[in-house]
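Only one structure is covered here, and it is reproduced in the block below.
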Amino acid sequence: MADIDLHSICANLIQIAKLGGKIVVSAKPDSSTISNKKNTADIVTQTDSTVEKFIFDHLTTQYPTFAFIGEETYKAGVPLTPQPTFIVDPIDGTSNFVHSFPAVCISIGLVIDKQPAVGVVYNPFRDELWYAIKGNGAFTQQGFNAEVRRLPITTPLPLHGLGPACIGIEWGSDREGPNFELNLKVFTALARTAATGGKFVNSLRCTGSAAITICRVAAGQQDAFWECGSWAWDVAAAWCVLAEAGGVMVDGHPGVWNPPVDNRRYLAVRPAMEGQREFVEEFWEVIGEDRSTYGPPE
């Protein structure tokens, strides 16, 4: 990694993300531009493909020796290797995009030796940017002339368990079977009162973009994010932002503190002066012995 100019790459990725964002905000998706991937909760638009091609063309021209993994062109079974690899989600929050709900972003991560090295997440509808370089901190900016702020945006207070927490969580595209049942169990346990065996957390948030939510966790605006079923392109860039802000990413199933980028099961926890480990362990207790079918490639 020493001979790779991560600062230059980050600046370039920010420029590419903002140019791609112009394509996103100028698009007008309707029923003719939408197709299903898996079910009506898992959709793709022509804009996703257009933005990914735009990013692919720029990155492969400028960095021809780097690998590229994009959501719309990914082929099952293609492994993540130690080679420098761009991992791209051209529109994270596609369902939000087609409903004109502005929690939408372009996510571009650079992974080296299978570890997040650079992350850029950009919401073009709010002109909100998050970015990080490994070993150099994480930052956010909203608006071209706005102040660049280091993450987290406030002094990271201790975590005091699940009760007072604001947790990001998603239903995913599986609406039956063991993955849906695990989601139901976790949602219910977090929402129920202590008198009925639950954790009675302060709030649950389903915003439809893993990348944005993880950046909110990095900023300290939410305490955690949990999802089983996300892909590397949903989390790679935001993971770098989270780690550089002082947050942690662990397995969405109990027991693994250092999961791979393509783990498909993720629990992100915000920066904190203390209490991160205890928070993770309490969340893992909610999951118990139940498991999703998602996991990293073998």
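Over the range 95-174, Cα pairs under 8 Å with separation of 6+ residues give a relative contact order of 15 percent.
Listed by chain and number, the aspartates and glutamates placed with their C-alpha closer than 18 angstrom to that of K185 are E170, D174, E176, E227, D251, E281, E282, E285, E289, D290; residues fewer than eight positions away on the same chain are left out.
Take the solvent-accessible surface of the protein heavy atoms, probe 1.4 Å, and return the percent of it on the range 54-119 that carbon and sulfur atoms account for. Don't jump to the answer; show the numbers that get you there.
Working: 1590 of 2710 Å².
The C+S portion of the solvent-accessible surface of the range 54-119 is 59 percent.
Take 127-136, 101-110, 231-240, 193-202 and order them by the average number of nearby Cβ atoms within 10 Å per residue, most first; the result is 231-240, 101-110, 127-136, 193-202. Across the range 199-298, Cα-Cα distances exceeding 21 Å account for 26% of all pairs. Run a plain Debye calculation on the chain (Cα atoms as equal point scatterers, no solvent) and give log10 I(q)/I(0) at q = 0.08, 0.11, 0.12, 0.13 Å⁻¹, rounded to two decimals, same order as the q list. With no solvent term, the Cα-only Debye profile gives -0.32, -0.61, -0.74, -0.87. Surface exposure of the chain, expressed per residue as accessible area with a 1.4 Å probe, stands at 44 Å².
Could you tell me the relative contact order of the range 166-287? Use alpha-carbon pairs under 8 Å, at least six residues apart, and round to a whole percent. Mind dumping the intermediate values first?
Values: 214 pairs, mean separation 30.4, N = 122.
Across the range 166-287, relative contact order equals 25 percent.
Just so you know, the Rg over Rh for the range 120-259 is 0.98, from Cα atoms, with Rh as the Kirkwood radius.
Just the protein heavy atoms count here, and of the accessible area of the range 166-287 at 1.4 Å, carbon and sulfur take up 49 percent. Restricting to the range 166-287, compute how many DSSP beta bridges are antiparallel as a %, nearest 5. Within the range 166-287, antiparallel bridges account for around 55 percent of the total.
Take every DSSP beta bridge whose two residues both sit in the range 6-150; close to 90 percent of them are antiparallel. When each of the peptides 63-73, 17-27 is scored by how many other beta carbons lie within 10 Å of its residues on average, the order from highest to lowest is 17-27, 63-73. Extending 7 Å from the Cα toward the beta-carbon at both K28 and E281 defines two label points whose distance is 5.7 nm.
Using alpha-carbon pairs under 8 Å, 6+ residues apart, how would you state the relative contact order of the chain in percent?
In percent, rounded to a whole number, it is 17.
Bridges between two residues of the chain, per DSSP, are antiparallel at a rate of about 80%. With K and R counted +1 and D and E -1, the other residues having a Cβ less than 14 Å from that of F68 yield a net charge of -3. Dividing the convex hull volume of the alpha-carbon atoms in the range 140-208 by its residue count gives 117 Å³ per residue.
The values are calculated or read from the model by the stated rules, or taken from the named source; none is laboratory data. Just so it is clear, the structure is predicted and the values come from calculations on it, not from any experiment. Please note: Cβ atoms are built from the backbone with ideal geometry, for glycine as well, and neighbour counts cover all protein chains shown. Accessible surface areas use protein heavy atoms only, side chains included; no ligands, DNA or RNA. Shrake-Rupley method; radii C 1.70, N 1.55, O 1.52, S 1.80 Å.
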